[in-house]
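Below: the structure, in structure tokens.
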């Protein structure tokens, strides 16, 4: 059943237009994106099934392509629509951060990084380069990995920091498993990065690990 076939005023799309997107539940918002269901399953029922299958929005956003395409009713068109919506959110967050002084507090930093990294299905290591007033100069995804990790090279981070004239930097990476606790490898690479940048008089303000709906801050835990 398509959203367009609902009686006037009863469907999620009408509710969105009349009351705004915030009035919709997670399933209703997802149903608007899906637009159609399949035989004996409406778009709304399909949305509820997907959220149940992947344990909510965060799980759905991180779901790999094969897993989503294996769900009843999800074909290439629906998958592309979902991925496009997720990517728009990520790009909006990155554009906002790159525009200037939006990482002025730890809470703002964590929120931005959750948007930027929370939906990735492989590990990504991100560097946020800041000037002496801690304004964002550049946010760049430098290293990419599999589900298990990404190789990080301090020399390349240092080169980028000098290139952008950074006075400080915030590191971040995601754990596709959803667990935000740092591994021993995370601790080692943080120490190596701090040591390399200290030689250039560039401060490391934080290293944040993004998990499923939560973040781990090295600075807040006293590890920097």
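The values are calculated or read from the model by the stated rules, or taken from the named source; none is laboratory data. For clarity, every value in this text was computed on a predicted model and none was experimentally measured. Cβ placement follows ideal geometry from the backbone for every residue including glycine, while neighbour counts extend to all protein chains displayed.
Only one of (1) outside any helix (DSSP H, G or I); (2) crowded, with 16+ Cβ neighbours inside 10 Å fails for residue 193. Which number is that?
Unmet condition: (1).
Quick check on the range 146-174: of everything there that is within 18 Å of the chain's Cα centre (by Cα) and within 26 Å of residue 106 (Cβ to Cβ), which residue is modelled with the lowest pLDDT?
Of the range 146-174, the ones within 18 Å of the chain's Cα centre (by Cα) are 146-150, 170-174.
Now restrict to residues that are within 26 Å of residue 106 (Cβ to Cβ): 149-150, 170-174.
Numbers: 149: 64, 150: 72, 170: 95, 171: 95, 172: 94, 173: 94, 174: 92.
Here the answer is 149.
Return yes when residue 182 is assigned by TED's automatic domain parsing to the domain that holds residue 134, in contact with a strand residue (DSSP E or B) (Cβ under 8 Å, 6 or more places away or on another chain), in contact (Cβ under 8 Å) with a residue 12 or more places away in the chain and over 18 Å from residue 135 (Cα atoms) and no when it is not. Steps first, answer last, please.
Values: assigned by TED's automatic domain parsing to the domain that holds residue 134: yes; in contact with a strand residue (DSSP E or B) (Cβ under 8 Å, 6 or more places away or on another chain): yes; in contact (Cβ under 8 Å) with a residue 12 or more places away in the chain: yes; over 18 Å from residue 135 (Cα atoms): yes.
When the stated conditions are applied, residue 182 passes them.
Quick check, is residue 169 free of Cβ contacts under 8 Å to residues at least 60 places away in the same chain and either assigned to a strand (DSSP E or B) or surrounded by 20 or more Cβ atoms within 10 Å (Cβ to Cβ) (or both)? I'd like the intermediate steps shown before the answer.
Numbers: free of Cβ contacts under 8 Å to residues at least 60 places away in the same chain: yes; either assigned to a strand (DSSP E or B) or surrounded by 20 or more Cβ atoms within 10 Å (Cβ to Cβ) (or both): yes.
Against the criterion (free of Cβ contacts under 8 Å to residues at least 60 places away in the same chain and either assigned to a strand (DSSP E or B) or surrounded by 20 or more Cβ atoms within 10 Å (Cβ to Cβ) (or both)), residue 169 qualifies.
Going by the structure shown, is residue 125 buried (at least 21 other Cβ atoms within 10 Å of the Cβ), part of a strand (DSSP E or B) and either outside the structural domain of residue 83 (by TED's automatic domain parsing) or touching a strand residue (DSSP E or B) at 6+ places or on another chain (Cβ under 8 Å) (or both)? Please lay out each step first, then the result.
On the way: buried (at least 21 other Cβ atoms within 10 Å of the Cβ): yes; part of a strand (DSSP E or B): yes; either outside the structural domain of residue 83 (by TED's automatic domain parsing) or touching a strand residue (DSSP E or B) at 6+ places or on another chain (Cβ under 8 Å) (or both): yes.
In short, yes.
Take the residues in the range 153-166 that are in contact (Cβ under 8 Å) with a residue 40 or more places away in the chain and surrounded by 22 or more Cβ atoms within 10 Å (Cβ to Cβ), then tell me which one is farthest from residue 64 (Cα to Cα).
Of everything passing the filter in the range 153-166, 161 is farthest from residue 64 (Cα to Cα).
If you check 2, 42, which single one turns out to be within 22 Å of residue 77 (Cβ to Cβ), touching a strand residue (DSSP E or B) at 6+ places or on another chain (Cβ under 8 Å), at pLDDT below 90 and surrounded by 12 or more Cβ atoms within 10 Å (Cβ to Cβ)? Even if it seems obvious, please write down each step before you answer.
On the way: 42 fails: touching a strand residue (DSSP E or B) at 6+ places or on another chain (Cβ under 8 Å).
Just one listed residue meets the conditions, 2.
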